[in-house]
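Okay, structure first, notes after.
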Amino acid sequence: MPGYVGFWQRVFACLIDSMLVFVVYGPIVITAFGSEYFLLEAPRYWDAASGLVIAAGTLAFWRYQGATPGKIAIAARIVDAQTGKPPSTARLVVRLLAYVVSALPLCLGFLWVAFDRRKQGWHDKIAGTVVIPDDE
């Protein structure tokens, strides 16, 4: 199996993904609710629905492209840590749910990528995935 994609590359991919979500999500929210939505006292009922849409989009990209747009931009993809083949949908769902584990303790699970020999975050370890360069 080829090498692994490191911490800073994955941070850059995450920034790309975050910008894409904002570019799509921002105008929709402003059109639907007005700019007041971004004030702290605004009701947050839309957040759960948009979170589910973002999660579904993330899963769809992982399943059909092997990566989110950010990972595609840095030429990386997610694979099964044992086989090097595309992970099953169930494994990808576990990976997405495990993001909570990586995020809750001050994002230490994401920071773990910087120190792990296989560059796995806690979500990768839980799901049995690794992020590798995409040479195709």
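Just so you know, all these numbers are worked out from the coordinates, no wet-lab data involved. On a predicted model such as this, the values are computed, not experimentally measured, just so you know. Positions of Cβ are generated from backbone atoms using ideal geometry, with glycine treated the same way; all protein chains shown enter the neighbour counts.
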Notebook entry, point to check: Hey, what's the Kirkwood Rh for region 75-134 if you take every pair of different alpha carbons, in angstrom?
Noted result: 11.4
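Find out how many positive minus negative residues lie around residue 98, taking Lys and Arg as positive, Asp and Glu as negative, among other residues whose Cβ is under 14 Å from that of residue 98.
Numbers: positive: 91, 95, 125; negative: 124.
Charge balance near residue 98 sits at +2.
Fewest Cβ neighbours within 10 Å first, please rank 97, 92, 111 accordingly.
Details: 97 13, 92 21, 111 16.
The most exposed by this proxy come first: 97, 111, 92.
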Next item on the list: Apply the Debye scattering formula to region 1-112, with a single equal point scatterer on each alpha-carbon and no solvent, then give log10 I(q)/I(0) at q = 0.14, 0.15, 0.17, 0.24 Å⁻¹.
Entry: -0.68, -0.77, -0.96, -1.51
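Find out how many positive minus negative residues lie around residue 70, taking Lys and Arg as positive, Asp and Glu as negative, among other residues whose Cβ is under 12 Å from that of residue 70. Present the calculation step by step, with values, prior to reporting the outcome.
On the way: positive: 10, 71, 77; negative: 17.
That works out to +2.
Can you tell me the relative contact order of region 1-87? Whole percent, Cα pairs under 8 Å, sequence separation 6 or more. Mind dumping the intermediate values first?
On the way: 47 pairs, mean separation 29.1, N = 87.
Computed over region 1-87, the figure is 34 percent.
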Check: Between residue 129 and residues 5 or more places away or on another chain, which pairs have amide H atoms under 5 Å apart, with H built 1.01 Å from N, and which residues are they?
Finding: 81
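Summing Lys, Arg as +1 and Asp, Glu as -1, what charge do residues with Cβ under 13 Å from the Cβ of residue 128 carry, residue 128 excluded? It would help to have the intermediate numbers written out before the result.
Numbers: positive: 85, 91, 95, 118, 125; negative: 80, 124.
After counting each charged neighbour, the total is +3.
Kindly provide the trypsin sites (Lys or Arg not before Pro) of region 86-136 that DSSP labels as loop, not H, G, I, E or B, and whose Cβ sees at most 14 other Cβ atoms within 10 Å.
Numbers: sites: 91, 95, 117, 118, 119, 125; in loops: 117, 118, 119.
Listed in order of number, the matching sites are 117, 118.
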Margin query: Give me the dipole magnitude in Debye, nearest 20, for region 24-106 about the Cα centre, with unit charges on the beta carbon: positive for Lys and Arg, negative for Asp and Glu.
Written below: 520
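How about region 52-81: which trypsin sites (Lys or Arg not before Pro) there lie in a loop by DSSP and see at most 11 other Cβ atoms within 10 Å?
Values: sites: 63, 71, 77; in loops: none.
Here no trypsin sites (Lys or Arg not before Pro) fit, given the DSSP loop and packing criteria.
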